[in-house]
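Contents: one structure, followed by commentary.
The values are calculated or read from the model by the stated rules, or taken from the named source; none is laboratory data. Bear in mind the structure is a predicted one, so any value in this text is a computation, not a measurement. Here the Cβ is made from the backbone with ideal geometry for all residues, glycine too, and neighbour counts use every protein chain on show. Each accessible area value is taken on the protein alone, full model and side chains, heavy atoms only, with ligands, DNA and RNA left out. Shrake-Rupley method; radii C 1.70, N 1.55, O 1.52, S 1.80 Å.
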Amino acid sequence: RDRLKTLAADIVDHWENRRTQMAKVIGANGKAMIVGATREICANLYGEIIALRPDWHSDDLHAGKIKVVYSGNATDQPPISDHVRRDSDNKVIKQRLRDVDDELEIVIVKDMMLTGFDAPALHTIYIDRSLKGALLMQTLARVNRTYRGKTDGLLVAYAPLVDNLSKALGEYTRDANANGEKVVGQTAEEAATIVFDLVGSVEEVIASTGVDWRAMTK
């Protein structure tokens, strides 16, 4: 519990400075994500943060500066059950995080929102669990969307990640040329080829339905 108190204090102090600096860049405080190792840790960390900043809390789904998002079941007990919501309610929180003008600034998660979630104003991620491979790469990608003056994101790691990150980068790199240089992902030409192939496949599927999608876009 003492560790969570220390972690909460460090995150609060860092975030209040970070959002001030980012406001100069994007014209708003922006958003942050905290990744915890277990749902219990996520719930208890929320409690420690709220103890330091009571005004960040709100029982209202549409209010408050910080929320916890994870899945749950009927057997969950407090404090875990305090943050278990219906999918529709979690969607509201996700949409609030996408809205740069919404007062919601921080979301604490375990697994949810680490993949497939896109919020361009998200610029900082605090990681307090071990992540590896594709999940690590996709988690880092959450904060790397360009937005206004933002060109990259910030990772603050409270768990050992250097070795895992090196391995993950190794999985996502390939030889770029005969000199053995490495690059991450595909070249622009390769990426374009993949996109055109996907578009072609989609057009074939739509054509088989007889729907004139081009007319629908005019």
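Amide hydrogen proximity for ILE34: with H placed 1.01 Å from N in the peptide plane, the residues at 5 or more positions away or on another chain lying under 5 Å are VAL107, ILE108, VAL109, TYR126.
Sparsely packed loop sites in the stretch 1-109 (the trypsin sites (Lys or Arg not before Pro) outside DSSP H, G, I, E and B with at most 16 other Cβ atoms within 10 Å) comprise ARG1, ARG86. The equivalent ellipsoid of the stretch 55-164 has semi-axes of 23, 19, 12 Å, largest first, where each one is the square root of 5 times an eigenvalue of the Cα gyration tensor. Over all other residues within a Cβ to Cβ distance under 15 Å of ARG98, the charged ones net out to +3, with Lys and Arg as +1 and Asp and Glu as -1. Electrostatic tally near ASP118: other residues with Cβ closer than 11 Å to its Cβ, Lys and Arg +1, Asp and Glu -1, net +4. Taking all protein chains as they are arranged and a probe of 1.4 Å, the heavy atoms of ASP152 leave approximately 90 Å² accessible to solvent. Once the chain from LYS91 to ASP13 is taken as fully extended at 0.36 nm per residue, the excess over their C-alpha distance is 25.2 nm.
Within a Cβ distance under 12 Å of ARG53, other residues only, what is the Lys/Arg minus Asp/Glu net charge?
-4
Model label sites at ASP55 and ASP111, defined 7 Å from Cα along the beta-carbon direction, differ in position by 3.8 nm. For the stretch 74-140, a crude dipole built from +1 on the beta carbon of Lys and Arg and -1 on the beta carbon of Asp and Glu, taken about the Cα centre, is about 320 debye to the nearest 20. One chain, two ends: ALA159 and LEU135. Fully extended at 0.36 nm per residue, the span grows by 7.2 nm beyond their Cα-Cα distance. The 3J(HN,Hα) values that the Karplus relation (6.51, -1.76, 1.60; θ = phi - 60°) gives for the stretch 9-25 are, in residue order, 5, 5, 5, 4, 5, 5, 5, 5, 6, 4, 5, 5, 5, 6, 4, 6, 8 Hz. Gly and Pro appear as x.
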